[in-house]
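Visitor: Dumping the structure here so I can ask a few things about it.
The values are calculated or read from the model by the stated rules, or taken from the named source; none is laboratory data. All values reported here derive from a predicted model rather than from experimental measurement. Every residue, glycine as well, gets a Cβ built from its backbone with ideal geometry; the counts of neighbours run over all protein chains shown.
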């Protein structure tokens, strides 16, 4: 039987294959995916050949078919998959959630694909007024965050998130490689004592446009982006990261940082996990300019996933 842990290994296996192939052209019509290895099936293979390959690959194999190209593209189009043997319900839910994200890859020479995530209360708060946010969502959302980090080349947070939460931004809760950790700190406010700067488990990058009062360790890379004293445009951030080989970026907070990418039209997906609590005051989740009518509200395609008592809404945008 294909368990949840084996299904996650299969997702990583397919992601590694697509990373190695780095196709500029269309995806293969189908892929044979197992927890240990994956391969593309030949374009000439018909359905019978694909089914025969699946049957001979063992009970833990998957046959994954990317969605056909569409014009205009359907943003939430997802690959279809079929398991060779029995599969746990949790494993099936995992595949439905993460297989589409494996296909969220930047085109050759293009800006990174961007996926953002926020955890909020029922009343749309991501932290108390003093910045406390640990923990709004539950353990399943924590594991999801770590899986997202493992699927992305880099994870980005704003200075406020590092100052208040002191995160490590690794994927220590799940199998997978740690991402490059990126801190958006235009004014150099983050102290060198933060954990993200003290360990060397993954490359760490600070994006800013002026020198701060804190000297950072030598192993931390500094990227000067934009005009000193000015806000750093999300597009300039993506351009700088693209030069450094980042193809898939996970923006993990905070609310102002995620909102800036959303307002700039640079989010491919926005995941908002809603926890069953009411904070009543504090920091808002999404903050965008005022609109005069609900006709101007954003209405993305949405996928919904349940994490114990939390519910995650994945908003899919065309970009």
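Visitor: With 251, 302 as the choices, which residue is surrounded by 18 or more Cβ atoms within 10 Å (Cβ to Cβ) and under 27 Å from residue 93 (Cα atoms)?
Guide: So the residue among 251, 302 that is surrounded by 18 or more Cβ atoms within 10 Å (Cβ to Cβ) and under 27 Å from residue 93 (Cα atoms) is 251.
Visitor: Moving to a separate point now. Mind listing whichever residues of region 249-264 are modelled with pLDDT of 95 or more and either over 28 Å from residue 131 (Cβ atoms) or assigned to a loop (DSSP other than H, G, I, E, B) (or both)?
Guide: Answer for region 249-264, where residues must be modelled with pLDDT of 95 or more and either over 28 Å from residue 131 (Cβ atoms) or assigned to a loop (DSSP other than H, G, I, E, B) (or both): just 264.
Visitor: Name the one entry in 55, 90 that is more than 30 Å from residue 259 (Cα to Cα), out of contact with any strand residue (DSSP E or B) (no Cβ under 9 Å at 6 or more places or on another chain) and either touching a residue at least 40 places away in the same chain (Cβ under 8 Å) or crowded, with 22+ Cβ neighbours inside 10 Å (or both).
Guide: 90
Visitor: Could you check region 3-33 and list, in sequence order, the residues that are at pLDDT 95 or above and assigned to a loop (DSSP other than H, G, I, E, B)?
Guide: Hit for region 3-33 is 3, nothing else.
Visitor: Just give me the residues in region 219-229 being over 22 Å from residue 267 (Cβ atoms) and part of a loop (DSSP other than H, G, I, E, B), in sequence order.
Guide: Selection gives 219, 220, 227, 228, 229.
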